[in-house]
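Visitor: Here's a structure for you.
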Amino acid sequence: MWFLDNLTQPAATVLASVGIIVAAVITFIIGYLSRRQLDRHHKATHTLADIQELRRRFVTTSAQFADPSPEVRLAGVYALEALTNDWIDHNRNTDAQTCINYLCGYLTRPYAPPTHDPHLRQTVVTVDAATTVESTYQHPHDDLTVRQAITRTIATHLKPDHQHNWSNYNYDFTGAYFHNADFNDARFYGTTTLDKAQFHGDWTSFSEAQFHGETTFDEAQFHGMWTSFGEVQFRGALTFGKAQFHGETTFSEAQFHGMWTSFDEAQFHGMWTSFGKAQFHGALTLFSEAQFHGEASFGEAQFHGALTFEKAQFHGEASFGEVQFHGEASFGKAQFHGETTFGKAQFHGETTFSEAQFHGETTFSEAQFHGETLFNSPGAWNNVYFDWDTEVPYAAEGSKPDNVKPHDWPPTVVEPTP
């Protein structure tokens, strides 16, 4: 059996080698898993420490906003900006939202303009035997520079190309005070609330901004010499209910894509207001009881859904030249006190001007009425001209379409009811 002994010796060596390899592999795996567990534990501990440190920073930073020194509060703005960015880097969006809420909350605090001498709020005079005078100065609590810094900080982070972009968060500016607010090209993807906000300074600009969530400006007031929403895009529902614009205002080439847009009871006090080439794509657009005290232009605007200007008042010149009304349109009980034109306007759906008041010269030259259009019972009908009218200064250029009512033309004026 000597050959069997010789045969088993190599096999035993092989088996022993395999056993050593298996043991080494098991040892490696155990070590690897242990290291992974230690790494996870270390990472979790490190992350927890980071979060605790960030929250300590929030407590410290927020306390700066209560300091009487404007320099300390201003430093707090930039410290909170850095903290917000750190939260974003840690993918802690809820904590980042908390920081943004704090910045917005500061803007909503009541604002008191500074005194004539903002650096001297109290003087204590003590005359001693040497007739020396001691004056005590206190830091003013004027915070206009702080508010402007917050506004600039937020606006900067709303730019589409900013490394730390804040566009996905919600903004509650209810009752906020702004001065020369510049939100040009800003992107708002969350809910944006500006109800009762006060916009002061020479100007306010939201030109080319985009609002993708629900947006409200109800009872907001714009006090500057001019306000611009030129080329702005509203992708969600929008309301400017009872908003007041005291200077020149433009929504030229603005786009309204939300299901509904409301300017109900808004007041435009400036010398001119423009919605020229604006596009309203939503199902419903409301200008009920809106008041335009200066020149109002909607030239070449397009309304794709239902529209109402019921009880709206136009006290200056009003232009609806080349406007396209693709859905139902109502100007019931609207008042036109200045020169008004609907030249080359196109009415594709049912339209009513019933009980409207035309006090100034109003022209519908080359206007097209594709749906039933009612001019029943006007409250005033002074110098209103259509292509089929023969009154001076226009010569008749066609006959009244059957879809324009009433049949007996011109309409009979009915004393307006209160």
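Each reported figure results from applying straightforward, stated rules to the coordinates on display, with no laboratory input. Keep in mind the model is a prediction, meaning the values are calculated, not measured. Every residue, glycine among them, receives a Cβ derived from its backbone with ideal geometry; neighbour counts consider all protein chains shown.
Visitor: What pairs from Lys242/Lys333; Lys277/Lys400; Lys344/Lys400; Lys196/Lys311; Lys159/Lys242 go past 22 Å between their alpha carbons?
Guide: Distance filter (> 22 Å) returns Lys277/Lys400; Lys196/Lys311; Lys159/Lys242.
Visitor: Could you give the nm distance between label points at Asn91 and Asn383, where each point is 7 Å from its Cα heading toward the beta carbon?
Guide: Each label point is offset 7 Å from its Cα along the Cβ direction, giving 6.9 nm.
Visitor: Quick one: check the C-alpha center-to-center distance for the range 362-392 versus the range 98-113, whole angstrom.
Guide: 52 Å
Visitor: Counting only C-alpha contacts under 8 Å and six or more residues apart, can you give the relative contact order of the range 144-405 as a whole percent?
Guide: After rounding, I find 9 percent.
Visitor: Still on this model: Send over the per residue convex hull volume for the range 171-318, Cα only, as a whole number of Å³.
Guide: 74 Å³
Visitor: Which distance in nm do the two modelled labels at Glu415 and Gln368 give, with both placed 7 Å along the Cα-to-Cβ direction?
Guide: The two pseudo-label positions are separated by 4.2 nm.
Visitor: Starting from the Kirkwood Rh over alpha-carbon pairs, what translational D in µm² s⁻¹ does the range 144-405 have by Stokes-Einstein at 4 °C and 1.567 mPa s?
Guide: 68 µm²/s
Visitor: Here's something else I'd like to know. In the neighborhood of Ser288, defined by Cβ-to-Cβ distances under 15 Å, what is the net charge if each Lys or Arg adds +1 and each Asp or Glu adds -1? Walk me through the intermediate numbers first.
Guide: Details: positive: Lys242, Lys311, Lys333; negative: Asp218, Asp264, Glu265, Glu289, Glu310, Glu328, Glu355.
Neighbourhood net charge equals -4.
Visitor: Here's something else I'd like to know. Give the order of Ser252, Ser399 when sorted by the count of other beta carbons within 10 angstrom, beginning with the fewest.
Guide: Ser399, Ser252
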